[in-house]
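Input: a single structure, listed below in structure tokens.
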């Protein structure tokens, strides 16, 4: 009943005309009046247009539809462009009861291609690999290239490792992409069965890791044994920031953030950036992306998912404004509604 009431309220707001503010945690309708289905969001700004990629949960959990894409010029009003990576684009084990999640897209100015990375898994979460797809247009269709584990590193594998990390490489789960100001791209992801975060520099095409791999030069282990996921990196004044969550499944937990002067580390943990009521659960949400606020250097938008485990299609989006303060401080505060400055 609450879901229906919330939807009816949102529909009434939509009928009044274009959206002009953010209302975190409420139903967010697209320009056709339908709830946006793009969970674990990744945002790409290309030639003045924002593209929002995410998991379509209309049919519930697992990869039953694919990765959808929406477009916007103002961040408030989003047009559904379709399914950028349909479920049938990936191998059978990653469809229906398989996993295709956390998709993020970068534009490669050299190859003129849009490159999507994602976490692919089977139902038991044992494949734990990175999937890569490319497209000529931001809206797709994306063509699946393949999947693999980018790094093979012996961190001391357990005797009975159900994910076969010794043979296949270190696991790849919750992830994000980051394009640095020098044009180099990186993948951030939870590895070692989610115990440790990895940062891996990508090759010139953004379709795989830079080779040869050298720890500390082309890739790094950070937040070692901290059990963090949902990485959301960004950069400000020459420093790198990374917001993450704990690993508690669909249940929300405390966020944490770290700062570095070199993207490959060392990283300094700063604690929980959330303050106020429900800070201990990051306002009942989990990080997915940080977007620079248009035309406002030093100001950003924190993007998160408020998961509804029993009705994943009704999971909500939590977008909150924040800025980097003196001493690299961050404070995430709840606001019921807000507008871009």
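Multiplying the residue separation of residue 261 and residue 125 by 0.36 nm and subtracting their alpha-carbon distance yields 45.6 nm. Taking 54, 82, 17 in turn, the Gaussian network model of the chain (Cα-Cα springs below 10 Å) assigns the largest fluctuation to 17. Arranged from fewest to most other beta-carbon atoms within 10 Å of their beta carbon, 65, 282, 181, 261 become 181, 261, 65, 282. To the nearest 10 degrees, how steep is helix 2-15 against the longest Cα principal axis of the chain, on a 0 to 90 scale? Rounded to the nearest ten degrees, it is 70. By the count of other C-beta atoms within 10 Å, a proxy for reagent exposure, 211, 293 are ordered fewest to most as 211, 293.
Estimated from helices alone, the mean residue ellipticity of the chain at 222 nm is -1500 deg cm²/dmol (sum of -39500 (n - 2.57) over DSSP H runs with n ≥ 4, per residue). Please say if segment 164-235 is rounded, prolate or oblate, where rounded means a/c under 1.5 for a ≥ b ≥ c the square roots of the C-alpha gyration tensor eigenvalues, and otherwise the choice is prolate for a/b larger than b/c and oblate otherwise? Because a/c hits 1.5 or more and a/b fails to exceed b/c, segment 164-235 counts as oblate.
Of the peptides 262-270, 130-138, how do they stack up when ordered by the mean number of other Cβ atoms within 10 Å, highest first?
130-138, 262-270
Across the chain the C-alpha pair distances fall into 20 Å bins from zero in the proportions 32, 61, 6, 0 percent.
Hey, in the GNM for the chain with a 10 angstrom Cα cutoff, which one of 177, 120, 168 fluctuates hardest? Top of the fluctuation ranking is 168.
When the chain is treated as a Gaussian network with alpha carbon springs shorter than 10 Å, the biggest mean-square fluctuation among 170, 253, 237 belongs to 237. Sorting the segments 96-109, 153-166, 317-330 by their mean number of nearby beta carbons within 10 angstrom, highest to lowest, gives 96-109, 317-330, 153-166. Paramagnetic label reach from residue 88 (point 7 Å along Cα→Cβ; backbone nitrogen cut-off under 18 Å): within segment 36-64, residues 56, 59, 63-64. Given the C-alpha centroids of segment 84-113 and segment 252-284, what is the distance between them in whole angstrom? What the calculation gives is 28 Å, centre to centre. This ranking places 111, 281, 244 by how few other beta-carbon atoms lie within 10 Å of each, fewest first, which gives 111, 281, 244.
Taking every Cα-Cα distance in segment 224-341 and sorting them into 5 Å bins from zero, the calculated P(r) comes out as 2, 11, 22, 25, 20, 12, 5, 2, 0 percent. For segment 89-226, just say rounded, prolate or oblate: build the C-alpha gyration tensor, square-root its eigenvalues into a ≥ b ≥ c, call rounded for a/c under 1.5, and beyond that prolate if a/b exceeds b/c, oblate if not. The shape class here is oblate.
FYI, it's all coordinate maths here, none of it is from the lab. Just so we're clear, the structure is a prediction, and the values are computed from it rather than from any experiment. Methodologically, a virtual Cβ is constructed for each residue, glycine included, from the backbone with ideal geometry; neighbour enumeration extends over all protein chains shown.
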